[in-house]
Amino acid sequence: MAAGRNVGCCSVQSKGFTLLEIMLVLVLLSLASSLIIPRLPSGSSSSDLRLQVERFAALARAAHQQALLEGRTVGIEVTSTSEYEFVQLDAKGWSELPESRLFRPVDLPEDISMNYSAGDSFWQEALEYEQDDDASAFSEDSEVQKQPEIVFWDSGEISPANVRFCLGKNETICQWVVLEETGEVLVKENLNG
């Protein structure tokens, strides 16, 4: 017989998982997913809502910075409950910002809506007065001029506003972007807190 051969008496330790261990993990994963998946809303999710709120806040901060750096007044016009666009004030009045990668018109996903309200009654009254004054200045032949709801002045001030973003038709999940006169742009889950 050949020297050094151990036939039939060696202990082999295998590396890896047994079939029982793999099956147990699969059962636990399927149990966990069956508990979580039914609770997820259909359509857009709260993470999509958060993404749109953060996007609006970031674009508002960028518009504020552009107004300061370039010395021109910039605004956000809320064109519907699901669209907004950026405008600028020039010698002819309010007009669209030149096409840029950053300040393009924004269409929200179908399940997300937005609602604008002036942050202070003084500002609400001032904007209504200005809109009434602008409307009377135009004749019937003239083109309707864009009028932003939120204004970023080149002096650094912002027209205070609350912009509410809601998920779904029931509007049960909402978040706010609060624009303060001092230039702060805040994202809030709750307007009271």
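Can you tell me which residue in region 97-117 is least open to solvent (accessible area, probe 1.4 Å), limited to those that are at pLDDT 85 or above, closer than 24 Å to SER155 by Cα and in contact with a strand residue (DSSP E or B) (Cβ under 6 Å, 6 or more places away or on another chain)? Restricting to residues being at pLDDT 85 or above, closer than 24 Å to SER155 by Cα and in contact with a strand residue (DSSP E or B) (Cβ under 6 Å, 6 or more places away or on another chain), the top hit is PHE103.
Which condition number does LYS92 fail, the rest of (1) among the charged types (D, E, K, R); (2) open to solvent by less than 70 Å² (accessible area, probe 1.4 Å); (3) modelled with pLDDT under 90 being met? Of the numbered conditions (1) among the charged types (D, E, K, R); (2) open to solvent by less than 70 Å² (accessible area, probe 1.4 Å); (3) modelled with pLDDT under 90, the odd one out for LYS92 is (2). On inspection, ARG101 qualifies as in a loop (DSSP other than H, G, I, E, B), more than 18 Å from ARG164 (Cβ to Cβ) and free of Cβ contacts under 8 Å to residues at least 12 places away in the same chain.
Residues in region 52-73 that are open to solvent by 20 Å² or more (accessible area, probe 1.4 Å) and either polar (S, T, N, Q) or not in a helix (DSSP H, G or I) (or both): GLN65, GLN66, GLY71, ARG72.
Being assigned to a helix (DSSP H, G or I) and of a type in the set (D, E, K, R) is a condition met by no residue of region 75-98.
Annotation note: Cβ proximity below 8 Å between a residue of region 69-89 that is among the basic types (Lys, Arg) and a residue that is surrounded by fewer than 22 Cβ atoms within 10 Å (Cβ to Cβ) and in a loop (DSSP other than H, G, I, E, B) (sequence gap 6+ or interchain) occurs for ARG72/ASP154.
The values are calculated or read from the model by the stated rules, or taken from the named source; none is laboratory data. Keep in mind it's a predicted model, so treat the numbers as computed, not measured. Methodologically, a virtual Cβ is constructed for each residue, glycine included, from the backbone with ideal geometry; neighbour enumeration extends over all protein chains shown. When the accessible area is computed, the model is the full protein with side chains, heavy atoms only, and any ligands, DNA or RNA have been set aside. Shrake-Rupley method; radii C 1.70, N 1.55, O 1.52, S 1.80 Å.
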